[in-house]
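**Student:** The following block contains the structure, expressed as structure tokens.
The values are calculated or read from the model by the stated rules, or taken from the named source; none is laboratory data. Here the structure is a predicted model, which is why all the values come from computation and not from measurement. Cβ placement follows ideal geometry from the backbone for every residue including glycine, while neighbour counts extend to all protein chains displayed.
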Amino acid sequence: MFRKTFFPIYFLTIFLLFSSSASLFARSGKPLFKIKARSAVLVNAVSGQVIYEQNPDLTIPPASLTKLMTLNLVFDAVDESYLSLDDEIRVSKKAWKTKGSRMFLEVGKTAALETMIKGIAVVSANDACVAVSEHISGVESVFVERMNEKATRIGMNNTVFKNSHGLPAEGQMTTARDMAVLAVYYLKNHPDVLKYHSIKKMTYNNISQSNRNGLLWQDVGVDGLKTGWFTKAGFHIIATAQKNGDRFIAVVLGSTGERARENSALKLLNYGFRNFKTVEVIAAGRGIAEMSVWKGKKGKALLGIRQNAFITVPRDATGEVQIQKHFPDKFYAPIRENQAVGTVSILLNGQKLSEYPLVSLASIEKAGFFKSMTHHVVLLIIQPPYWGGLVFLGVVVIVLICFKSAMRLKGKDDLSRFR
């Protein structure tokens, strides 16, 4: 059954359309402006909406942006208590020999996982990437399989990883859209990582190195996230900043130099903060619908969503938001708390922005025998194929026929007595 409810919110523009996978364009269908890069995306980290895109699906080698997926799996392991930040990670010869940017780990020795995390986030340490991947999966190639599985699971549809650090490898590719997906997922699931990505300098083994994200030194509010480069790929950056509770992420791939990639990312971030705002449409845990429940101790289930629902809109806009709720006409107990029973969609002027699972906000236990049987009989009567109703109607007809026959017999008996 389809249920639809409309909630007007008068701050949305009537001539701009958004979606979770389409950006804001001029009426010509072209980006409103261009930046000096082969590919770019600006996404709001709170709502997940893409605000700007330039060749977003162009495949490009990810270079050191690969490390965001490596770190994502590392923090997954920490959250699952498979690893601890204090764990000592042994450095293999392979890790020690890895070329490119390094934190200069020493072969055969150990370093704390948290130290290696800082090395990866701050100085883009390839040696640390290999060390942690071997510690988690035994060999780097198995870890890379997990990287690709995770990429598929979170919707990175045009990305293939070949190693844990991003050094040139045949077939290793990504897109700006996929990197935006990864960055949003990474920060949403591991928000504390920015304390590592915002570190400007790191010293290890008496060697000091600076973070290659030059935006950290500018007073513009940037607190991450990662840079990358090699000749074939060009200069990459994923930059993020937060202001007044809102956060944007700029992905710039294939720029012409360090300064060019930073200027492009800053241009996108400024565009986002100065022209858009993010607002809450549905609060997590708030009841937004009721669903009929049969054979349960309660007859109604209050429905809502698990997480706050946000949309990103132009600052000076007006318009209407629509909320559509899809759930069954009836549901049978028992129902678990947070059990998904349908979906809720958020639309702007008929254009779907996002969709969330609609869940039961409380559990409902199955009713006792008598109430369950009563509901069973009622359902047989009121729902197709209406067998209960047909049986009931047949019984009524038989009773009426029997009653009429009895009345006839009684009439005949009375008549015989009168005679």
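**Student:** Quick one: would you say Phe370 is surrounded by 14 or more Cβ atoms within 10 Å (Cβ to Cβ) and more than 26 Å from Thr278 (Cα to Cα)?
**Tutor:** On the way: surrounded by 14 or more Cβ atoms within 10 Å (Cβ to Cβ): no; more than 26 Å from Thr278 (Cα to Cα): yes.
No, not satisfied.
**Student:** Something else: Can you say whether Val252 is in a strand (DSSP E or B), in contact (Cβ under 8 Å) with a residue 60 or more places away in the chain, surrounded by fewer than 19 Cβ atoms within 10 Å (Cβ to Cβ) and not charged (D, E, K, R), as far as the supplied structure shows?
**Tutor:** On the way: in a strand (DSSP E or B): yes; in contact (Cβ under 8 Å) with a residue 60 or more places away in the chain: yes; surrounded by fewer than 19 Cβ atoms within 10 Å (Cβ to Cβ): no; not charged (D, E, K, R): yes.
The answer is no for Val252.
**Student:** Where residues in the range 75-100 are in contact (Cβ under 8 Å) with a residue 60 or more places away in the chain and in contact with a helix residue (DSSP H, G or I) (Cβ under 6 Å, 6 or more places away or on another chain), which of them is nearest to Leu194 (Cα to Cα)?
**Tutor:** Only one residue tops the list, namely Gly100.
**Student:** If you don't mind, there's one more thing I want to ask. Answer with yes or no whether Asp127 is among the acidic types (Asp, Glu) and under 19 Å from Thr203 (Cβ atoms). Don't jump to the end; show me each part of the working.
**Tutor:** Details: among the acidic types (Asp, Glu): yes; under 19 Å from Thr203 (Cβ atoms): yes.
Considered against the rule, which asks whether it is among the acidic types (Asp, Glu) and under 19 Å from Thr203 (Cβ atoms), Asp127 comes out as yes.
**Student:** Can you pull out the residues in the range 47-75 that are at pLDDT 95 or above and in a loop (DSSP other than H, G, I, E, B)?
**Tutor:** Of everything in the range 47-75, those that are at pLDDT 95 or above and in a loop (DSSP other than H, G, I, E, B) turn out to be Asn55, Pro56, Asp57, Leu58, Thr59, Pro61, Pro62.
**Student:** Any residue at all in the range 210-225 that's of a type in the set (Ser, Thr, Tyr) and assigned to a strand (DSSP E or B)? I'd like the intermediate steps shown before the answer.
**Tutor:** We begin by selecting, within the range 210-225, every residue of a type in the set (Ser, Thr, Tyr); these are 210.
Now drop any that are not assigned to a strand (DSSP E or B), which leaves 210.
Yes, some residue in the range 210-225 is of a type in the set (Ser, Thr, Tyr) and assigned to a strand (DSSP E or B).
**Student:** Quick check on Glu320: is it of a type in the set (Asp, Glu) and either loosely packed, with under 15 Cβ neighbours inside 10 Å or not assigned by TED's automatic domain parsing to the domain that holds Ala289 (or both)? Steps first, please.
**Tutor:** Values: of a type in the set (Asp, Glu): yes; either loosely packed, with under 15 Cβ neighbours inside 10 Å or not assigned by TED's automatic domain parsing to the domain that holds Ala289 (or both): no.
No, not satisfied.
**Student:** Look at Glu355 and say whether it is in a strand (DSSP E or B), surrounded by 10 or more Cβ atoms within 10 Å (Cβ to Cβ) and modelled with pLDDT of 65 or more. Don't jump to the end; show me each part of the working.
**Tutor:** Numbers: in a strand (DSSP E or B): yes; surrounded by 10 or more Cβ atoms within 10 Å (Cβ to Cβ): yes; modelled with pLDDT of 65 or more: yes.
For Glu355, the condition - in a strand (DSSP E or B), surrounded by 10 or more Cβ atoms within 10 Å (Cβ to Cβ) and modelled with pLDDT of 65 or more - is met.
**Student:** Mind telling me which of the residues Gly296, Gly342 ends up being more than 14 Å from Ala283 (Cα to Cα) and over 21 Å from the mean Cα position of the chain (by Cα)? Steps first, answer last, please.
**Tutor:** On the way: Gly342 fails: over 21 Å from the mean Cα position of the chain (by Cα).
Every option except Gly296 fails the conditions.
**Student:** Quick one: how many residues across the range 112-121 are closer than 20 Å to Gly214 by Cα and surrounded by fewer than 24 Cβ atoms within 10 Å (Cβ to Cβ)? Please lay out each step first, then the result.
**Tutor:** Initially, the range 112-121 is screened for residues closer than 20 Å to Gly214 by Cα, giving 117-121.
So of that shortlist, the ones also surrounded by fewer than 24 Cβ atoms within 10 Å (Cβ to Cβ) come out as 117-118.
Qualifying residue count, the range 112-121: 2.
**Student:** On to the next question. What is the residue count in the range 315-335 for residues that are at pLDDT below 85, assigned to a strand (DSSP E or B) and within 25 Å of Gly272 (Cβ to Cβ)?
**Tutor:** 1
**Student:** Checking the structure you have, find out if any residue of the range 291-302 is closer than 26 Å to Leu42 by Cα and in contact (Cβ under 8 Å) with a residue 40 or more places away in the chain. Don't jump to the end; show me each part of the working.
**Tutor:** Step one: of the range 291-302, the residues closer than 26 Å to Leu42 by Cα are none.
Within the range 291-302, not a single residue is closer than 26 Å to Leu42 by Cα and in contact (Cβ under 8 Å) with a residue 40 or more places away in the chain.
**Student:** Right, next: Testing Gly108 on (1) outside any helix (DSSP H, G or I); (2) surrounded by 23 or more Cβ atoms within 10 Å (Cβ to Cβ); (3) not aromatic (Phe, Trp, Tyr), one condition comes back false. Which one is that?
**Tutor:** Of the numbered conditions (1) outside any helix (DSSP H, G or I); (2) surrounded by 23 or more Cβ atoms within 10 Å (Cβ to Cβ); (3) not aromatic (Phe, Trp, Tyr), the odd one out for Gly108 is (2).
**Student:** Need the failing condition index for Lys325 against (1) over 28 Å from Arg177 (Cα atoms); (2) free of Cβ contacts under 8 Å to residues at least 40 places away in the same chain, just the number.
**Tutor:** (2)
**Student:** Let me ask another. Residues that are more than 19 Å from the chain's Cα centre (by Cα): list the helices (runs of 4 or more DSSP H) wholly contained in the range 114-208 that include at least 2 such residues.
**Tutor:** Details: elements: 126-137, 140-154, 176-189, 194-197.
In the range 114-208, the matching helices (runs of 4 or more DSSP H) lie at 126-137, 140-154, 194-197.
**Student:** Hey, another quick one. So Leu216 clears everything in (1) touching a residue at least 24 places away in the same chain (Cβ under 8 Å); (2) surrounded by fewer than 24 Cβ atoms within 10 Å (Cβ to Cβ); (3) within 20 Å of Ser64 (Cβ to Cβ) except one condition, right? Which one?
**Tutor:** (1)
**Student:** Select from the range 160-194 the residues that are charged (D, E, K, R), free of Cβ contacts under 8 Å to residues at least 40 places away in the same chain and farther than 21 Å from Ala131 by Cβ and list them in ascending order. Give the steps one after another, and end with the answer.
**Tutor:** First, pick out the residues of the range 160-194 that are charged (D, E, K, R): 162, 170, 177-178, 188, 192.
From the residues that got through so far, the ones that are free of Cβ contacts under 8 Å to residues at least 40 places away in the same chain too are 162, 170, 178, 192.
Correct list: Glu170, Asp178, Asp192.
**Student:** Scan the range 244-263 and tell me whether some residue there is out of contact with any Ser or Thr (no Cβ under 8 Å at 6 or more places or on another chain), closer than 25 Å to Ile335 by Cβ and of a type in the set (A, V, I, L, M, F, W, C).
**Tutor:** no
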